[in-house]
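Following: one structure in structure tokens, then a few remarks.
The values are calculated or read from the model by the stated rules, or taken from the named source; none is laboratory data. If you're wondering where the values come from, they're calculated on a predicted model, not measured in any experiment. Because the Cβ atoms are built from the backbone with ideal geometry, glycine has one as well, and the counts that use them run over all protein chains shown. These area figures cover heavy atoms from the full protein model, side chains too; ligands, DNA and RNA do not enter into them. Shrake-Rupley method; radii C 1.70, N 1.55, O 1.52, S 1.80 Å.
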Amino acid sequence: MDYRVEQIDRVIQNAMRVMEDSKMQVFEICEAARRELLSLGQELEKVLKETSATIDKVDALERDYKLSRIRLTEVSRDFVRFTEKDIKSAYEKATQLQLDLTVYREKENYLKARRDDLQGRVRNVEISIERAEMIGSQMNVVLDYLSGDLNQVTRILESAKNRQLIGLKIILAQEEERRRMAREIHDGPAQSLANLVLRTEIAERMLDTRDLELVRSELVDLKTQIRSGLGEIRKIIFNLRPMALDDLGLIPTLRKFVQDFEERTSIRSVFETSGREKRISTALEAAMFRLVQEAFNNAFKHAEASYMSLDISYQDETIRMVIKDNGKGFHTDLAEAQAKKSAKFGLMGMKERVDLLMGEINIDSAIGQGTTITIQVPIRAELRKELDINGE
């Protein structure tokens, strides 16, 4: 048995080396695609501006040409008021405008075709980047599994094969969340910091001008940007793990989450509790928070709801959560069948989390009748040891 394990370990090590090399190649391809996307974006912006200016020019030439034709007709009919020179001038002006109009129409058609081509290339590059990122995430998942304890993996496979599937989905969800957070940091704080560096350089140059009012105005703008960046960072930290969950507990954290959700989405959201509130284990609190977060985010993305509610009831031995929305609803059987085929951590992920909490979940939905999710878990539930469901 030890010999077989050694062989398997050698195969896994070779596979890991190949995967690492492949991951770097995918990363380089992704970075090259990002550079191409940046170049295409700049060219597209330039073409869009030129196209807009050309369309305005064509519209102006069409108006001028129409007026010149009217003028030509007038001078051609009245030989008493207008001389031959006037007629010739009107004719030449109309002819020149017609020629200019033809040229600019051709330019407009060319620019529109160029614009459409660039937009198509931008979409294709964006798709390529997304696919490369997905492949990289999947490689990370495989590497995480291959680098784990082989004996532990073997034991899990032998004891409960379905636990491996749950673990894979959770790791995929973690990778997807990390990718999302990386994008948020890149598009938010990272961009803000880069802009702050530029603005501080501008302020530094302004000091040489000794215009203190101008420098003061620039510093006020910098302070505003820093506050905005700080707010973005706090939002990202909250999404990773709300600090209030450790300090205040589940109920205050969920109340803040529901309030923030309503402000962010403009969906009317109500939060109610009943029973005597009890502090539970941090792992269970985190799991319950993630379940609510997943349910609300799913409703925001897919339900087209205008109203949501969260009702938490503390009972002697269990906690009961009811999450409702008045959205468009769905066929639960069809959704579950699709979820089993997908790597997305949606309804199936929620059911697996509740199963790990040794609880029960019921999803009641129909087309046009909204959705109600009822979750009930034991307060003293001990999480199954095979997996960490917090995603931390």
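What to note about this one:
- Taking label points 7 Å from Cα along the Cα-to-Cβ direction, K49 and Q13 give a separation of 5.8 nm.
- Expressed per residue, the C-alpha convex hull volume of segment 1-141 stands at 91 Å³.
- Calculated FRET efficiency for the pair H331/S309, C-beta based, R₀ 30 Å, to 0.05: 0.85
- Cut-off under 5 Å, modelled amide H: who pairs with S269 long-range: M308
- Counted residue by residue at 0.36 nm each, then reduced by the alpha carbon distance between them, the extension gain from L230 to R121 reaches 35.7 nm.
- Taking all pairs of distinct alpha-carbon atoms in segment 27-75, Kirkwood radius in angstrom: 13.9
- With the simple model of a label 7 Å out from the Cα in the direction of the Cβ, R380 to A60 spans 8.3 nm.
- Taking the accessible area of segment 273-317, probe 1.4 Å, and keeping the other protein chains in place, the carbon and sulfur fraction comes to 44%.
- With DNA, RNA and ligands ignored, accessible area of E277 (1.4 Å probe; Å², nearest 10): 90
- Computed from the C-beta positions of K278 and D144, the FRET efficiency with R₀ = 35 Å rounds to 0.50.
- The calculated FRET efficiency for E317 paired with T209, based on their beta-carbon distance and R0 = 51 Å, is about 0.10.
- Projected label distance in nm at V103 and R268, using a 7 Å step from Cα toward the beta-carbon: 6.2
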